[in-house]
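Here's the structure we're looking at; comments come further down.
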Amino acid sequence: MSTPALGEERIAPLDLNWVRAQFPSLGRSVNGHPATFLDGPAGTQVSQRVIDAFREYFEHSNANTCGQFATSRSTDEMIASARAAMADFFNCAADEVSFGPNMTTITFALARAIGRELAPGDEIVVTTLDHDANVAPWRALEERGVVVRQADIRVEDCTLDMDDLRSKINSRTRLVAVGYAANAVGTINPVAEIVRLAHGAGALAFIDGVHYAPHGSIDVRALDCDFLVCSPYKFFGPHMGCLYGKRDTLMRFRPYKVRPAPEALPDRWETGTQTHEGIAGVAAAVNYLAELGRRSNPGAAGNRRAELVSAYRAIRQHEMSLAARMIRGLVEISGLRFFGISDAARFGERVPTVAVRLAGQTPQAAAKFLGDRGIFTWDGNYYALNLTERLGVEKDGGLLRIGLVHYNTAEEVERLLDALREFARLH
Ligand SMILES: Cc1ncc(COP(=O)(O)O)c(C=O)c1O
């Protein structure tokens, strides 16, 4: 099915009342304060659809796959339809989608399989901006004599140093591993360009799409990447991981697997019994987004890929207007240091995840102060260890990370800013 051109179509503003009504957990309160979920980068809340999908799976379909009886058949059907949903999400074929427990486990398994084909002296490029799940699995191949090179960042705005990245790609490079967006500071990397650079050197391009997935539509065909991994629990689904791989590439590498397990795609990379209820939840998460897309752009109705693209356009409009308001307020707080892109003219290069520090205070103290007031943020390195070390904040408690997603409101942004102003005043 071809995707209609969406560039010219009008996208209605997000219906925030409808959105929030889909997420039962948003209604909770903490110490008499309404809960404000700004912890999305570590995991988002789920819609009622996802909760229902778990219950329905256990009530009606709970079985292992490929059996000659009703519950097994309906499990097979459910998995096939979830795979089709993720294929629309990635814009690929269904047999190019594999499920797994989480991004980290999938990436270790893939790296191990790719490592089987590498020789000492072969090179892999990783970056200083990335989550360690897109660094450690590749560094593990150093045991086999693989050389891992790390592309640096520009510290002043926490963007990738593209000159440094280019200088690290050469004829020995076999794979370039890069994040689509940085989970610590929100920078969007020029991934299409990086894929071209990798391919120009004859290397594979592996993209960690985890942090981008809640904020923007992913098109693996347009990117032409060889692999892209993401985690549904970061885009309003359950704790799972999903891998896209080009069909030929998935067939070329040999996963570590048990002998009776199928050699064919899509099962080849799915080691052992999967979390079936989670897979049902992934489909529900994608279908929630598709519904959001239909509401924002009725013209897209009937084509799930187009619905998803529309959903993300509405999400992006809403998130970035909140982010502009939040960043404007943050940089005015006395003693606050902002990490990453704060210039509104460059917001196209970021998602609405920001990192700050407050003079004389640990990020943990700030997160606790906020947490006591029902505002959920994260402190530390969030496993973006290369980055917090490079920024010189690792030994002092890392960063305070505030992450907006599409269910957040302007009122929540004001609540956060008021609380941080109070924290800065009191300390
Ligand atoms: C950018 C990024 N990559 C990878 C991961 C690891 O994902 P998972 O928890 O699915 O292993 C995370 C988790 O925070 C992340 O933010």
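The values are calculated or read from the model by the stated rules, or taken from the named source; none is laboratory data. Quantities reported herein were computed from a predicted structural model and do not represent experimental measurements. Positions of Cβ are generated from backbone atoms using ideal geometry, with glycine treated the same way; all protein chains shown enter the neighbour counts. Remember, those area values only see protein heavy atoms, side chains included, never the ligands or the DNA or RNA. Shrake-Rupley method; radii C 1.70, N 1.55, O 1.52, S 1.80 Å.
A few notes on this one:
Results for (1) over 23 Å from residue 178 (Cβ atoms); (2) buried (at least 19 other Cβ atoms within 10 Å of the Cβ); (3) among the basic types (Lys, Arg); (4) touching a Gly at 6+ places or on another chain (Cβ under 8 Å), shown as yes or no for each residue.
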residue	(1), (2), (3), (4)
362	yes, no, no, yes
365	yes, no, no, no
377	yes, yes, no, yes
383	no, yes, no, no
387	no, yes, no, no
391	no, yes, no, no
394	no, no, no, no
400	yes, yes, no, no
407	yes, yes, no, no
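- Test: residue in the range 156-177 that is open to solvent by 10 Å² or more (accessible area, probe 1.4 Å), in a loop (DSSP other than H, G, I, E, B), hydroxyl-bearing (Ser, Thr, Tyr) and closer than 25 Å to residue 44 by Cα: no
- Breaking point among (1) over 11 Å from the mean Cα position of the chain (by Cα); (2) within 16 Å of the ligand (Cβ to nearest atom); (3) surrounded by 24 or more Cβ atoms within 10 Å (Cβ to Cβ), for residue 238: (3)
- Which numbered condition residue 214 misses (of (1) within 15 Å of the ligand (Cβ to nearest atom); (2) open to solvent by 10 Å² or more (accessible area, probe 1.4 Å)): (2)
- Qualifying positions in the range 63-111 - more than 16 Å from the ligand (Cβ to nearest atom) and not in a helix (DSSP H, G or I): 63, 64, 65, 66, 67, 68, 69, 91, 92, 93
- Looking across the range 291-306, the residues that are part of a helix (DSSP H, G or I) and either in contact (Cβ under 8 Å) with a residue 40 or more places away in the chain or open to solvent by 10 Å² or more (accessible area, probe 1.4 Å) (or both) come down to 291, 292, 294, 295, 296, 298, 299, 300, 304, 305, 306.
- Residue match in the range 189-206 (condition: open to solvent by 10 Å² or more (accessible area, probe 1.4 Å), without any contact (Cβ under 8 Å) to a residue 60 or more places away in the chain and within 13 Å of the ligand (Cβ to nearest atom)): no
- When residue 98 is tested against (1) open to solvent by 50 Å² or more (accessible area, probe 1.4 Å); (2) touching a residue at least 24 places away in the same chain (Cβ under 8 Å), only condition (1) is not met.
- Filter result (more than 16 Å from the ligand (Cβ to nearest atom), of a type in the set (D, E, K, R) and either assigned to a loop (DSSP other than H, G, I, E, B) or open to solvent by 30 Å² or more (accessible area, probe 1.4 Å) (or both)) within the range 116-133: 116, 117, 122
- Listed by position, the helices (runs of 4 or more DSSP H) inside the range 180-278 whose residues that are within 18 Å of residue 108 (Cβ to Cβ) number at least 3 form an empty set.
- Among the residues making up the range 62-90, a single one is open to solvent by 40 Å² or more (accessible area, probe 1.4 Å) and within 12 Å of residue 220 (Cβ to Cβ): 88.
- Comparison of 337, 346, 328 shows that the only residue that is open to solvent by 30 Å² or more (accessible area, probe 1.4 Å) and in a strand (DSSP E or B) is 337.
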